[in-house]
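Below is one structure, written out as structure tokens, with a few remarks after it.
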Amino acid sequence: MHLRTPIESSRQAVSDEIEDPELHDDWSAAEERTPALESMTPPLERRHPLLGTRIVTPRNLTVIRPPSFSLGTIVFGIRALAGYRDLLYTLTLFRLTVRYKQSILGWIWAALQPLAMMMIYTLIFSRVARVKSEGVPYPLFVFSALLPWIFFSGAVSNAVNGLVNYSTVITKLHFPREIIPLSYVFAALVDFAIACVILGGLMMYYRVSLSWNILYALLVVAILMAFTSAIALFLSSIQVRFRDIAAALPVVLQIGVFATPVVYSVGSIPLRFQRLYLLNPVASLIETFRRIVLHGSAPDVQMLITSGAITLCCLALAYGYFKATEPMMSDVI
Amino acid sequence: MFDIRLDRVSKRYFIQSGSRERSIGWPNFSLLHKKEMWALRDVSFEVPQGESLGIIGNNGAGKSTLLKLLSKITAPTSGEIRIRGRLSALVEVGSGFHPELTGRENIFLNGSMLGMTRSEIARKVDSIVDFAGVPEYIDVPVKRYSTGMYVRLGFSIAAHLDPDILLLDEVLAVGDIAFQAKCLDLIGQLREDGRTIVLISHDLGAIQRLCDRAILLHHGQVVTTGTPADVIDHYQQMSMGGEETYHLNEDAHQKPARCLHITFASTESDETPRTGYPMFARFGFHAQDPLENVVFNVLIFWPSGYLCAQLTTAVSDPQLRITAGSGEVEFYCPVLEIQPGWYRVDVSIESNGDYIDRQQRCAVLHVHPGKMVFGDFYMDTVWRVHPWEQLRAKESP
């Protein structure tokens, strides 16, 4: 690392300005920012043996430097990510198709897994342990919380190994690496949506009435997804260097089931610990989701804002950390 | 005007120094102790627009690291790289493929990893399938593909990227001969079209044919840059250890005959063999006893290790007899036909079909440029021009 003189840091700013990684469709924007380049390269007709003739637009300049962390990294990272949104879509789609290829039940598995867990938990906690469920039939009570929990734990436990599974690609191709863990999160979201159909069926079976408040559930899922992404990004980038993360994760997630209100209600937590308990966004979001869906009540605004703010901080930190470690991932993986 | 500019670029890797032998169950703290290794050290060069640059060097010289830096797979430790335009690398094509997905699905997956949008891929998919030559297999999972089909599809996707700058790393070694020819044609067309090309290859012939300029990397540093011919010559000299003299084993005193020396000379005044000019090879020997049916052999090998040419007494006189004592066989070659470069030489003496003495890779033949040339060999020719009327006059008496 070298010390930056004022001149150098201003140069950094300038080159970051014209650096526009891989946004090929954005040549016109690059042209605006670098008028000097345009005069150097007059538009030129060019013939590609496979693609025919095209007009060559001015090229943009990419500057590659040793990695250094700055707020700009996050901004440019998000811009590059936007340029690769098609890859995120493709990877998510293929993650889903690959998972259920060569399986007979296919997509039904997305619903069967939470259903099976619901039955086990109902057997243990309702029949054996007699846990209170706020007057809601216990299967419905546990299923409505299992869905967001399975979304979170499934996404994180798949995503944590994501980069390592793609090590051959990571050492050969360049693209924003965060797409890999994020594609696991999006795939888990699709599974979540499928399982929600079963939840709807269960609610009809138990004759739970719906209200317009159910739309708040979308907001809750959005926040939960952002928090899941933060954890997935953070853990998967550490996993690249230290494989201990994936080994420890199943234990942590097992504890997590009981540290969040999945099998019991928040009401059974002593009142003085409740505030601390609900600082965990996963716990408060699961609780909010259940209240919205089963009781048709509007969410506790203060609780939602708190978990939203914590999520935003976590996501910014996790993304910044991910982007800072990204350039060296192919070296240590 | 440059397309690629490297300014004092260095790349450091950390390699684990802890021993791998450790008892199972004990925490592996050697993960935390690492030794540093510089893959590139203060490398600076420029590639002007439209140039095709070859990069050669031994394994571990830093070629692949350089390519990874240019394609942004990894970041430099210090220094700065500037790239003007869209760059794409053809490195181990097909490495993003998922075996369970069909060829078509993989085109979309791999294409979007290479930075294409879905609509762009949808436009090009027919042309991709066509170039790869796999139309009947396009909806079959790629795990059912042969290796050649796999690689052809990968190359075809990458070839449809339409970059301003193209990085190639040993990709010419893919597919069958017909596909290789297709790839070479494509690269040639792209080059004529004014694309900038950076080619990394151990195929020195390809470097010579396709590049305007070459760079020799050694231990992470640029050793020479210049015309491909000069740089290849330097590289071959370096990999031969630079010795131009022979070194024979001296443990051959008990043998009935042994090789003493082998030297090559030109009849020209500067005494160095040149392509297209006469050459002498002088093979010194010592015989303890008189020998019958003797054959003297000089084998000349390409740097790659393949046999290039042979000088032998067997063809003209397989029943050669020699008396006891020292002597010298002089081979005279009226026209040296092999191309300039560095060759390794074996010498051997046979009698009655058995080797009496055999020295492998004992000397180096350095052929300097002479009447060369393109291609692997110089063909000595005489020629003259016949005016058309003369030919007509000959035909009609």
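A few points about this structure:
- Residue, surrounded by the most Cβ atoms within 10 Å (Cβ to Cβ), within the range B:306-339, restricted to residues that are within 30 Å of B:G57 (Cβ to Cβ) and out of contact with any Lys or Arg (no Cβ under 8 Å at 6 or more places or on another chain): B:Q339
- Every residue from the range B:355-393 that is small (G, A, S), touching a residue at least 40 places away in the same chain (Cβ under 8 Å) and over 30 Å from B:R258 (Cβ atoms): B:G370
- Any chance A:A247 is of a type in the set (G, A, S) and without any contact (Cβ under 8 Å) to a residue 12 or more places away in the chain: yes
- Qualifying residue in the range A:197-211 (condition: away from every other protein chain (no Cβ under 14 Å), closer than 20 Å to A:T97 by Cα and either assigned to a helix (DSSP H, G or I) or touching a Ser or Thr at 6+ places or on another chain (Cβ under 6 Å) (or both)): yes
- Candidates A:S265, A:S297, A:S284 - the one that is modelled with pLDDT under 90 and within 20 Å of A:F151 (Cα to Cα): A:S265
- Selection status of A:V142, assigned by TED's automatic domain parsing to the domain that holds A:W109 and modelled with pLDDT of 90 or more: yes
- Residues in the range B:97-117 that are among the small types (G, A, S) and either without any contact (Cβ under 8 Å) to a residue 24 or more places away in the chain or more than 7 Å from chain A (Cβ to nearest Cβ) (or both): B:G103, B:G111, B:S112.
- Restricting attention to the range A:305-333 and to residues that are within 14 Å of chain B (Cβ to nearest Cβ) and either touching an Asp or Glu at 6+ places or on another chain (Cβ under 9 Å) or not hydrophobic (A, V, I, L, M, F, W, C) (or both), the residue that is surrounded by the most Cβ atoms within 10 Å (Cβ to Cβ) turns out to be A:K323.
- Being within 30 Å of the chain's Cα centre (by Cα), surrounded by 10 or more Cβ atoms within 10 Å (Cβ to Cβ) and outside the structural domain of B:S266 (by TED's automatic domain parsing) is a property that B:D346 lacks.
- If only residues of the range B:123-141 that are surrounded by fewer than 22 Cβ atoms within 10 Å (Cβ to Cβ) and touching a residue at least 40 places away in the same chain (Cβ under 8 Å) are counted, the one that is nearest to the other protein chains (Cβ to nearest Cβ) is B:P141.
- In the range B:201-224, the residues that are of a type in the set (V, I, T), touching a Gly at 6+ places or on another chain (Cβ under 9 Å) and surrounded by fewer than 22 Cβ atoms within 10 Å (Cβ to Cβ): B:V223
- Test for A:V63: is it more than 11 Å from chain B (Cβ to nearest Cβ) and at pLDDT 85 or above: no
- In the range B:74-83, the residues that are surrounded by fewer than 23 Cβ atoms within 10 Å (Cβ to Cβ) and either under 28 Å from B:R209 (Cβ atoms) or more than 7 Å from chain A (Cβ to nearest Cβ) (or both): B:G79, B:I81
- Selection status of B:E170, modelled with pLDDT of 85 or more and acidic (D, E): no
- Listing of strands (runs of 3 or more DSSP E) fully contained in the range B:319-397 that carry 2 or more residues being closer than 24 Å to B:D203 by Cβ: B:341-351, B:354-367
- Residue list for the range B:60-85, restricted to those being of a type in the set (D, E, K, R) and outside any helix (DSSP H, G or I): B:K72, B:E80, B:R82, B:R84
- Residue count, the range B:182-218 (criterion: of a type in the set (K, R) and within 14 Å of chain A (Cβ to nearest Cβ)): 3
- If you go through the range A:77-104 and keep only what is crowded, with 19+ Cβ neighbours inside 10 Å, facing another protein chain (nearest Cβ under 10 Å) and within 22 Å of B:V140 (Cα to Cα), you end up with A:L87, A:T90, A:L91, A:F94, A:R95.
- Here A:V251 meets the list (1) more than 14 Å from chain B (Cβ to nearest Cβ); (2) surrounded by 16 or more Cβ atoms within 10 Å (Cβ to Cβ); (3) at pLDDT 90 or above almost entirely, failing just condition (2).
- Per the conditions (1) facing another protein chain (nearest Cβ under 10 Å); (2) surrounded by 22 or more Cβ atoms within 10 Å (Cβ to Cβ); (3) touching an Asp or Glu at 6+ places or on another chain (Cβ under 8 Å); (4) modelled with pLDDT under 90, the sole criterion not satisfied by B:V93 is (3).
- Here the condition is being in a helix (DSSP H, G or I), in contact (Cβ under 8 Å) with a residue 40 or more places away in the chain and assigned by TED's automatic domain parsing to the domain that holds A:N158; of A:A232, A:A222, it holds for A:A232 alone.
- Close pairs (9 angstrom Cβ cut-off, 6 or more residues apart or separate chains): closer than 20 Å to B:D42 by Cα in the range B:220-233, among the acidic types (D, E) and outside any helix (DSSP H, G or I) anywhere: B:G220/B:D42; B:Q221/B:D42; B:V222/B:D42
- In the range A:264-280, the residues that are over 24 Å from A:I124 (Cβ atoms) reach residues that are of a type in the set (G, A, S) and assigned to a helix (DSSP H, G or I) with C-beta atoms within less than 6 angstrom, at least six apart or across chains, in these pairs: A:L278/A:S284.
- Some residue of the range A:271-283 being in a loop (DSSP other than H, G, I, E, B) and buried (at least 19 other Cβ atoms within 10 Å of the Cβ): yes
- Total residues in the range B:120-158, condition closer than 20 Å to A:L50 by Cβ and either outside the structural domain of B:S95 (by TED's automatic domain parsing) or part of a helix (DSSP H, G or I) (or both): 26
The values are calculated or read from the model by the stated rules, or taken from the named source; none is laboratory data. The shown structure was predicted, so the numbers you read here are calculated from the model rather than taken from an experiment. Using ideal geometry, Cβ is built from the backbone for each residue, glycine included, and neighbour counts are taken over all protein chains shown.
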